[in-house]
Every structure is written in C-alpha cells, then in structure tokens.
1. What does the charge count near Gly71 come to, summing +1 for each Lys or Arg and -1 for each Asp or Glu among other residues with Cβ under 14 Å from its Cβ?
2. Between Asn63, Met49, Ser105, whose Cα lies farthest towards the positive end of the dipole of segment 44-105 when Lys and Arg beta carbons carry +1 and Asp and Glu beta carbons carry -1, centred on the Cα centre?
3. Given charges of +1 on the Cβ of Lys and Arg and -1 on the Cβ of Asp and Glu, with all other atoms neutral, how large is the dipole of the chain about its Cα centre, in debye to the nearest 20?
4. Show that you can apply the helix-only estimate: for the chain, add -39,500 (n - 2.57) for every DSSP H stretch of four or more residues, divide by all residues, and state [θ] at 222 nm to the nearest 500.
5. Could you give me the percent of Cα pairs per 10 Å distance bin for segment 44-105, shortest bin first, beginning at zero and ending with the bin that holds the maximum distance?
6. Let me know the charge dipole size of segment 44-105 about its Cα centre in debye, to the nearest 20, where only the beta-carbon of Lys, Arg (+1) and Asp, Glu (-1) is charged.
7. Please list 3J(HN,Hα) in residue order for segment 12-26, calculated via the Karplus relation 6.51 cos²θ - 1.76 cosθ + 1.60 where θ = phi - 60°; whole Hz, with x for glycine and proline.
8. Can you classify the chain as rounded, prolate or oblate using the Cα gyration tensor, where a ≥ b ≥ c are the square roots of its eigenvalues, rounded means a/c under 1.5, and otherwise it's prolate if a/b beats b/c and oblate if not?
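FYI, it's all coordinate maths here, none of it is from the lab. The structure displayed is predicted, hence computed values, not measured ones. Note that we place each Cβ from the backbone using ideal geometry, even for glycine, and neighbour counts take in every protein chain shown.
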Amino acid sequence: MTIPHLPQWNTPTSDRGAFVYADLGLMIPRSGGDYTYLSRATGNFTAFMYIWVQILVIYPMANVILSMTVGEYLTALFIDDDCGPREIIKRLIAAAVISMFIYTS
C-alpha cells in the first residue's frame, strides 16, 4: 500500500513571491531590491523606514527565534529533565548560536 504525497502548499506561495519579484525586477531594472521598489511606489520616507525596521527589528528577531529553537531542540535531545535548570542551558546554547552567526558573517 502506498501513501499518496501530501500537497505542498508552500511551493505555490513561494512561486508567487518569486514571480512578483521577477516582474518587479523587469519593470524596475535598478539595484536596491525592496528599497528601490518601495521608494518608487510610496516615496523615499516609507522605503527608508521599512529598511530601518528590517535592520533593527525583523532580522534580529528572526535570529533570536532561530537560536532559541536550536537551543530548545538540543536541550531536549541531549539533556534529561532531571538534570537541573534546562532554561539556562537553552539560553547559553542560543547565545552560542548567535555568536556563531556573528562570527560567520
């Protein structure tokens, strides 16, 4: 008995995003990515604020969520519940992952 593959909903969503960026890149053939597209559509101030929010909020929070998830999974994998304070170990692993991000970039 074979199990049919589950539909992958992420693929059509990411394809749509790729098509939108491809279309924008053909319509506005300048470097700059999101900043260029937003400044052309809404003005320089909106594009500037978007980039600042990306730099100060979105990218750091994504790194924190990723590193805390790595810490959660590694402590669940290697450390028993009876071993003591797991929260401190999770945070130390997360700090090590963030340090590794900083070192490699």
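1. +1
2. Met49
3. 440 debye
4. Using -39500 (n - 2.57) per qualifying helix, the result is -24000 deg cm²/dmol.
5. 21, 37, 24, 13, 5, 1
6. 300 debye
7. x, 5, 5, 5, 4, x, 5, 5, 5, 5, 5, 5, 5, x, 6
8. Because a/c hits 1.5 or more and a/b fails to exceed b/c, the chain counts as oblate.
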